[in-house]
Amino acid sequence: MAMAYHAETSSDDELCFLTAIDLRERYRRRELSPVEVTEAILRRIDRLNPHLVAFITVTVDVALAQARAAEQAYASGGNPGMLAGVPISIKDLTPTKGIRTTRGSLLYQDWVPDEDPPFVERVYDAGAVLLGKTNTPEFGWKADSGNRIVGPTYNPWQLGKTAGGSSGGAAAAVAAGLGPLAQGSDGGGSIRIPSSFCGIFGHKPSFGLIPQYPPSAFGDLSHLGPMTRSVRDAALFLDATAGGHPRDRLSWSSGVDYLASIDGEVAGLRIAWSPDLGYATPDPVVREATEQAARRFEELGCHVDEISPPLDQPDDVWWKLWTSANAAIHMEDFERVRGKLDPGRLSLIEFGRQLTGPEVALQQIRRNAYYIGMQRFMERYDLLLTPTLAITAFVAGDNGPADIAGKPMANPGDWTPYCAPFNLTGQPAATVPCGFDKGGLPIGLQIVGRWHDDTTVLRAAAAFEAIAPWSQHRPTPHKTTAELSTSSDRPAR
């Protein structure tokens, strides 16, 4: 890609790791310009994206034009939009008018949509700067972001490892300083998995809080949400994009100013800490790090009980809903397109095609029962804490790990047991960085809230960030995997 700006400078690193909140304040004080920041981040993308494969498409001309418009808005002394001049990336499952949207699939590798969904309209109306479209597996089907168009996204903390999926490009971009804001989507962990693997904050909002159009093939499993380096940036993201829209019949408005409410009191919250949800097998290193993090909420004046919801693992419910939805996407063209489908997704589709209508309907009945059971459990607690994942990042390009602590992994749910349950219930769930394994790979703690209570989740995450900050740790993705394995700047926590 041809760049219209000068070579990367030594000051770019600091510019590229400023939060969205910091950028807005410095723009308002005329200490920085949106064009200056956008050019710095584009230079960094030019240097690092060949190593990370975070972006499928970089929108240089769009970004610079939007940055110039934001700069004029600040110079005029008026009231710039909520995200004016703030760089953002959009996952390549989300359509963008006039900008290639591949959906990670050979079937869409040259698709250019002719309309923007409400989410994108709101991002533009708020004055944000679109850096480009981030990598994702085909139709977001798995928890690694590899596809047959550009391959996998690599983890900025160790380039041989996966950034996770399906919003892996978004997570890698944010972690590596390629924009402070990224949009992800989450149908079974696809915001929380890569955010945990890459050591950033990721929030799966309550279902429908951010409108989704075109409707997801995965129905009310799928949530749109923010992936950021700070909790406050995620709250800002929600303030700019949340709220009901007529094109999404299931969307709703909370009326909450999330950024304004984030500093509220957390002392006195009743918190359930469950290391295994009653059935999971986390890696011992993950369990230790997340338990230490959960216990830190006691320092904040919260009451923490170790207890699991008295519910069976709902993985079979989620799996049959997920596979049947994948099969439905290709119900009319399967034989014609099967040669262009990801082989791993092909087997998933074939499984889904064998399910009967009554069997899929039964899963909705079981899902409703699980939802009611979880709501009754949450009547006793304001929050539920769990590990975000059972492991740290595995090898890039794989569909999942072979084992955890010697235990074979037969199904995807074996290593992501904590994520899909809250897609089934629609509850808000976030992941916060809480440590690293011995190889320097991040570990995440999941914070789950009550139905429609995103405010308490964000408030608790911000309180944890204040006593256990993570932004001082930055990956060095320009290094080779071998260099990273012996690096003296590996984080220790």
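The values are calculated or read from the model by the stated rules, or taken from the named source; none is laboratory data. Every value quoted in this text rests on a predicted model; they were computed, and no experiment measured them. Quick reminder, even Gly has a Cβ in these numbers, built from the backbone with ideal geometry, and neighbours come from all protein chains shown.
Structure above, values below:
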quantity	calculated
Matching residues in segment 225-264 - criterion: being of a type outside the set (A, V, I, L, M, F, W, C), within 18 Å of Gly202 (Cα to Cα) and in a strand (DSSP E or B)	Gly225, Pro226, Thr228
In segment 124-139, the residues that are out of contact with any Phe, Trp or Tyr (no Cβ under 8 Å at 6 or more places or on another chain) and buried (at least 24 other Cβ atoms within 10 Å of the Cβ)	Ala128, Val129, Thr136, Pro137, Glu138, Phe139
Count - residues of segment 338-350 that are surrounded by 15 or more Cβ atoms within 10 Å (Cβ to Cβ) and outside any loop (DSSP other than H, G, I, E, B)	5
Number of the exception - Ser308 against (1) of a type in the set (Gly, Ala, Ser); (2) in contact with a Phe, Trp or Tyr (Cβ under 7 Å, 6 or more places away or on another chain); (3) surrounded by fewer than 18 Cβ atoms within 10 Å (Cβ to Cβ)	(2)
Lone qualifier among Pro282, Pro309 - being touching a helix residue (DSSP H, G or I) at 6+ places or on another chain (Cβ under 7 Å), not in a helix (DSSP H, G or I) and not aliphatic (A, V, I, L, M)	Pro309
Residues (among the β-branched types (Val, Ile, Thr) and touching a Pro at 6+ places or on another chain (Cβ under 9 Å)) located in segment 67-118	Val86, Ile88, Thr94, Thr96, Ile99, Thr101
Residue in segment 351-363 that is surrounded by 11 or more Cβ atoms within 10 Å (Cβ to Cβ), without any contact (Cβ under 8 Å) to a residue 24 or more places away in the chain, more than 27 Å from the chain's Cα centre (by Cα) and within 24 Å of Leu106 (Cα to Cα) present	no
Members of segment 408-461 found to be at pLDDT 95 or above and of a type in the set (Asp, Glu), listed by number	Asp437, Asp453, Asp454
Check on Val112, farther than 30 Å from Lys161 by Cα and either without any contact (Cβ under 8 Å) to a residue 60 or more places away in the chain or out of contact with any strand residue (DSSP E or B) (no Cβ under 8 Å at 6 or more places or on another chain) (or both)	yes
Residue match in segment 411-421 (condition: free of Cβ contacts under 8 Å to residues at least 24 places away in the same chain and either farther than 20 Å from Pro275 by Cβ or small (Gly, Ala, Ser) (or both))	no
Scan of segment 81-107 for residues that are among the hydrophobic types (A, V, I, L, M, F, W, C), crowded, with 20+ Cβ neighbours inside 10 Å and either in contact with a strand residue (DSSP E or B) (Cβ under 8 Å, 6 or more places away or on another chain) or within 22 Å of Ala176 (Cβ to Cβ) (or both), ordered by number	Leu83, Val86, Ile88, Ile90, Leu93
Residue in segment 62-80 that is over 20 Å from the mean Cα position of the chain (by Cα), under 30 Å from Trp141 (Cα atoms) and at pLDDT 95 or above present	yes
Whichever residue in segment 49-80 is without any contact (Cβ under 8 Å) to a residue 60 or more places away in the chain and of a type in the set (Ser, Thr, Tyr) and, among such residues, is farthest from Pro152 (Cα to Cα)	Ser76
Odd one out for Leu32, checked against (1) farther than 27 Å from Ala242 by Cα; (2) in contact (Cβ under 8 Å) with a residue 12 or more places away in the chain; (3) surrounded by fewer than 19 Cβ atoms within 10 Å (Cβ to Cβ)	(3)
Residue ID - farthest from the chain's Cα centre (by Cα), chosen from residues in segment 108-123 that are part of a helix (DSSP H, G or I) and buried (at least 18 other Cβ atoms within 10 Å of the Cβ)	Tyr108
Candidates Asp342, Asp333, Asp276, Asp263, filtered to the one that is in contact with an Asp or Glu (Cβ under 8 Å, 6 or more places away or on another chain) and of a type outside the set (Ser, Thr, Tyr)	Asp342
Test: residue in segment 61-80 that is more than 23 Å from Arg26 (Cβ to Cβ), of a type outside the set (Phe, Trp, Tyr) and surrounded by fewer than 20 Cβ atoms within 10 Å (Cβ to Cβ)	yes
Members of segment 322-337 found to be without any contact (Cβ under 8 Å) to a residue 24 or more places away in the chain and assigned to a helix (DSSP H, G or I), listed by number	Phe334, Glu335, Arg336
